[in-house]
Amino acid sequence: MALLDVHDVEVTYRTKEGPLKAAEYVSFQLKKGDSLGLIGESGCGKSTMAKAILRLLPDNGQISGGEILFQEQDLAKLSPKEMRKLRWKELSLVTQSAMNSLNPVYTVGAQIVEAIRTHEAVSKRRAWERAENLFRLVNIEPSHLTNHPHELSGGMKQRAIIAMALCLNPSLVIADEPTTALDVIVQDRILQQIVRIQKEISSSLIYISHDISVIAETCDYVVVMYGGHVMETAPVREFFRHPSHPYSLGMQNAFPNLEDVDSELISIPGYPPDLLNLPPGCRFSPRCPFADSVCQEERPELHFIGTQHGTRCHFPDRAEAFRAQAKLPETWTERPAQGQRGVGA
Amino acid sequence: MRKYIVRRLVQMIIGLFLVASVTFLMFRLLPGDPTASLLDPAFTVEIRETIIERFGLNEPLHIQYINYLQNLVQGDFGRSFYYRRPSVEVLGDKIWNTLILMLSSMIIAYSIGVIGGMILSWKRGSKIEWGGITLGLFLRSAPMFWTGMLLIMLFAFNLGWLPHSGMRTPGYEAATTFAKFFSVDFLRHLLLPMITASLYFLGTPLLIMRNTMLETHGEDYIELSRAKGLSEWRIMILHAGRNALLPVITAGALFLGQALGGQVVVEYVFGWPGLGREIVLSAQRHDYPVAQTAFLFLAFMVMLMNLVADLFYSYLDPRVKLK
Ligand SMILES: Nc1ncnc2c1ncn2[C@@H]1O[C@H](COP(=O)(O)OP(=O)(O)OP(=O)(O)O)[C@@H](O)[C@H]1O
Ligand SMILES: [Mg+2]
């Protein structure tokens, strides 16, 4: 039984222009101790999914369908009080803007102690000692616990948040682009720490990023999102050896390849779809070099081509041929005949 | 920190000097003859002249001004024309009377305003919020003498529950200083003016707290607090509220000036023997020394409270370092 089983989840935001479905038919599983990388371009619904799992969507957002089974209970159906008990104790979150997430008027230590004592009946003293150990774990001098957030550097604040996210040994940590605001060297160190500690305390990890190489280094599984849909899901090696969805192929082209350093970087022309005005068929069809008329009309199902490898494409059997063609720059520069929609001029 | 306070005190002295100068001029520009209250028409010309000389009123204005400042520096605030006693002595008890009324109504208004503002913002979009905002705007724009009169009419005349003016029932003698300010009789007198002043002061902290609190809703630390599984009450008070309080304190310090005017009105309406009422009375009597001294005291109180507000602010916001 998976620790987390997200099944056909749909999230809708109420907007002035009408309902906006930021996620639809999103399904993936995660086992205890495993890590899953959620990737996709900006605006494809990654943060939305993270917030949906924690039930932290803003007031205008709601989970409008599907199930989020966590430890065999459906999070979407829990009462606010039951959900509150699970938060941080079992499910913790490191956000994109974690650096600004510390309350400016309290010391960092007080904020970690608050998290511990909200969920566990321990003395302040004991909680503080635990906070000190956590700081050591993320390589911050424990004396910094008495500092206010503005007295710490960005990297330290980020690590403090990571320490806080681990303070209750949660079963699942969701890290939503936890390092984007930091410089590259610090990013890398923090990434390594997250993975090391996650393995140590054997919690599961969902790592959200738009950087495919980061996912390659850190995760056991990959879930690719595009325009609110899961386009491909696979174990990480399988994903890099046999990517099957044209969008995954395009994305792998756009990042430097570690094994094949000489390969040219090719970006996918066009822009992600407008979620208020979606193409009726496959959401990637307007940008897909292999799209057919069926792609524009019918929404593809997630076809499983291996036990754990699924692709939301009408042509899972042509993956082999797609892979070969996708390597050629002209595949991406020559516009497909039916691909005018959504393609940038 | 110590340096900061010293600097603020120096600024306060300069401020008080300016207040002294402006009030000195202001009262002298008022139409009317101050000697009228000083002199009995039955006095002979010689007596008149000696009295006028004794009070220095025969000198040209700039000499009077210099004398006034010189005396001030020596701690001599001048003699009242009307009471024929040093003005400090006249105002002595009245300072306490003013302080009690002013502080109690401020504390009540700020406590209710801050908590009310928090609740309004947490209930945003509801009828409660709408009603609260309307009430806040109404209270802020309702003139104090008007609310005061209404309350007097209702509670003093119609219902007869509370006295309509004064500070103590005539003939009442307090046994101890403590009883002076904590007897039932005193509190009954305090109630109506205190409510009137609190209602007037309430609007500002209520509306500001609601606004700044609304801004905290989108803050990342609020989202983190939710993710941490904290209760809504804890988030509202200890996280959002604690941060939203900062601008309210700044606004409160600025608001003190306005509160001064309110104090004069409420004391006058309720016959409360404080500095504010004395200012009105002494201005009517052309009793410059008392009016000027009362003004100086009030200005001093406001400046002091401002300083306290700033110190409190730096205590609440660790990012602020006083230099
Ligand atoms: N509160 C909201 N109200 C309306 N629309 C929203 C809201 N939050 C997000 N969206 C929309 O939902 C879509 C998905 O947003 P989301 O933040 O989940 O993207 P993301 O994949 O995390 O992107 P990024 O990589 O930029 O963080 C976007 O099109 C966004 O405009
Ligand atoms: Mg995001």
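Could you work out [θ]222 nm for chain A from helices alone, using -39500 (n - 2.57) per DSSP H run of at least four and dividing by all its residues? Round to the nearest 500 deg cm²/dmol.
Here the helix-only value at 222 nm equals -9000 deg cm²/dmol.
Assuming R0 = 60 Å, what is the FRET efficiency of residue A:151 and residue B:182, from their Cβ-Cβ distance, to the nearest 0.05?
The pair residue A:151/residue B:182 has a calculated efficiency of 0.85.
Describe numerically, in nm with one decimal, the distance between label points set 7 Å from Cα along Cα→Cβ at residue B:52 and at residue A:294.
11.5 nm
Give me the distance between the Cα centres of the stretch B:205-280 and the stretch A:23-49, rounded to whole Å.
Here the two parts' Cα centres lie 43 Å apart.
Student exercise: in chain B, how many lysine pairs 8 or more apart or on different chains have Cα atoms under 23 Å apart?
On the way: B:3/B:321; B:3/B:323; B:94/B:180; B:123/B:228.
Lysine pairs satisfying the spacing and distance rule in chain B number 4.
Leaving out ligands, DNA and RNA but keeping every protein chain, what accessible area does residue A:314 have, in Å² rounded to the nearest 10, with a 1.4 Å probe?
50 Å²
Assuming a ≥ b ≥ c are the square roots of the Cα gyration tensor eigenvalues, decide whether the stretch A:249-339 counts as rounded (a/c under 1.5), prolate (otherwise, with a/b larger than b/c) or oblate.
oblate
As I understand it, the value is the acute angle between the Cα axis of helix B:87-122 and the longest principal axis of the Cα atoms of chain B; what does it come to in degrees, rounded to 10?
20 degrees
Please give me the summed charge of the neighbours of residue B:123: other residues whose Cβ is under 11 Å from its Cβ, Lys and Arg +1, Asp and Glu -1. Could the numbers behind the result be given before it?
Working: positive: B:124, B:127, B:210; negative: B:129.
Every neighbour counted, the sum reads +2.
Quote the charge dipole size of the protein assembly as shown about the Cα centre in Debye, to the nearest 20; the model charges only the Cβ of Lys and Arg (+1) and of Asp and Glu (-1).
1960 debye
In the Gaussian network model of chain B, springs joining C-alpha atoms below 10 Å, which of B:55, B:145, B:255 carries the largest mean-square fluctuation?
In this elastic network of chain B, the residue with the biggest mean-square fluctuation among B:55, B:145, B:255 is B:55.
In the stretch A:24-105, which trypsin sites (Lys or Arg not before Pro) fall in coil by DSSP and have 15 or fewer other Cβ atoms within 10 Å?
A:31, A:32
About its Cα centre, what dipole magnitude does chain A give when the only charges are +1 on Lys and Arg Cβ and -1 on Asp and Glu Cβ, stated in debye to the nearest 20? Mind dumping the intermediate values first?
Values: 36 positive and 42 negative charges, 261 e Å.
With Lys and Arg at +1 and Asp and Glu at -1, about 1260 debye.
Residue A:123 to residue B:233: FRET efficiency via 1/(1 + (r/R0)^6), r the Cβ-Cβ distance, R0 25 Å, to the nearest 0.05? Let's see the in-between values first.
Working: r = 23 Å, r/R0 = 0.91.
Efficiency, from the Cβ-Cβ distance: 0.65.
Would you be so kind as to list the residues of the stretch B:210-233 that have their accessible area lowered by at least 30 Å² in the full protein complex compared with their chain by itself (1.4 Å probe)?
B:220, B:221, B:223, B:224, B:226, B:227, B:228, B:229, B:230
By its C-alpha gyration tensor, with a ≥ b ≥ c as the square roots of the eigenvalues, how is the stretch A:104-153 shaped: rounded for a/c under 1.5, else prolate for a/b larger than b/c, else oblate?
It comes out oblate by the Cα gyration axes.
Which value in deg cm²/dmol, rounded to the nearest 500, describes the helix-derived mean residue ellipticity at 222 nm for chain B, given -39,500 (n - 2.57) per DSSP H run of n ≥ 4 and division by the residue count?
-24000 deg cm²/dmol
Using a Gaussian network model of chain B whose springs link C-alpha atoms within less than 10 Å, name the residue from B:239, B:62, B:217 with the highest mean-square fluctuation.
Ranking B:239, B:62, B:217 by mean-square fluctuation puts B:62 first.
Could you look at the stretch B:87-316 and say what percent of its accessible area is carbon and sulfur, using a 1.4 Å probe and all protein chains? Could the numbers behind the result be given before it?
Working: 7130 of 10150 Å².
C and S fraction of accessible area: 70 percent.
Determine the residues within the stretch A:67-97 where the difference in accessible area between the chain on its own and the full set of protein chains amounts to at least 40 Å²; count protein heavy atoms only and use a 1.4 Å probe.
Relative to the lone chain, where solvent access is computed with a 1.4 Å probe, the stretch A:67-97 loses at least 40 Å² at A:84, A:88.
Counting only heavy atoms of the protein chains, get the accessible area per residue of chain B (1.4 Å probe) and round it to a whole Å² value.
Here the per-residue accessible area is 52 Å².
With labels modelled as points extended 7 Å from the Cα through the Cβ direction, what inter-label distance (nm, one decimal) is found for residue B:6 paired with residue B:191?
Simple spin-label model gives 5.0 nm for this pair.
Quick one: grab the alpha carbon gyration tensor of the stretch B:143-209, order the square roots of its eigenvalues as a ≥ b ≥ c, and give me rounded if a/c is under 1.5, else prolate or oblate depending on whether a/b is larger than b/c.
oblate
Could you compute the FRET efficiency for residue B:111 and residue B:156, with r as their C-beta to C-beta distance and R0 at 45 Å, rounded to 0.05?
Details: r = 26 Å, r/R0 = 0.57.
Using R0 = 45 Å, I get an efficiency of 0.95.
Compute the signed sum of charges (Lys and Arg +1, Asp and Glu -1) over the other residues within less than 12 Å, Cβ to Cβ, of residue A:63. The partial results should precede the final answer.
Numbers: positive: A:21, A:51, A:55, A:77; negative: A:8, A:10, A:24, A:67, A:74.
It works out to a net charge of -1.
Gaussian network model of chain A, Cα springs within a sub-10 Å range: biggest mean-square fluctuation belongs to which of A:321, A:76, A:175?
Among A:321, A:76, A:175, the largest mean-square fluctuation in the Gaussian network model of chain A belongs to A:321.
How far is it, in nm, from the label point at residue A:81 to the one at residue B:142 when both lie 7 Å from their Cα along the line to the Cβ?
Placing both labels 7 Å beyond Cα along the Cβ direction yields 3.9 nm.
Could you size up the charge dipole of the stretch A:62-193 around its Cα centre, putting +1 on the beta carbon of Lys and Arg and -1 on that of Asp and Glu, and report it in debye to the nearest 20? Display every interim value, and only then the final one.
Numbers: 15 positive and 15 negative charges, 106 e Å.
The dipole of the stretch A:62-193 has a size of about 500 debye.
So what's the gap between the Cα centers of the stretch A:182-213 and the stretch A:65-130, to the nearest angstrom?
When both Cα centres are located, 19 Å separates them.
Summing both sides, how much accessible area is buried between A and B? Use a 1.4 Å probe and give Å² to the nearest 100.
2100 Å²
The values are calculated or read from the model by the stated rules, or taken from the named source; none is laboratory data. Note that the structure is a prediction, hence the values are computed from the model and not measured. Backbone-built Cβ (ideal geometry, glycine too); neighbour counts: all protein chains shown. Side chains are part of the model used for accessible areas, which takes the heavy atoms of the whole protein and leaves out ligands, DNA and RNA. Shrake-Rupley method; radii C 1.70, N 1.55, O 1.52, S 1.80 Å.
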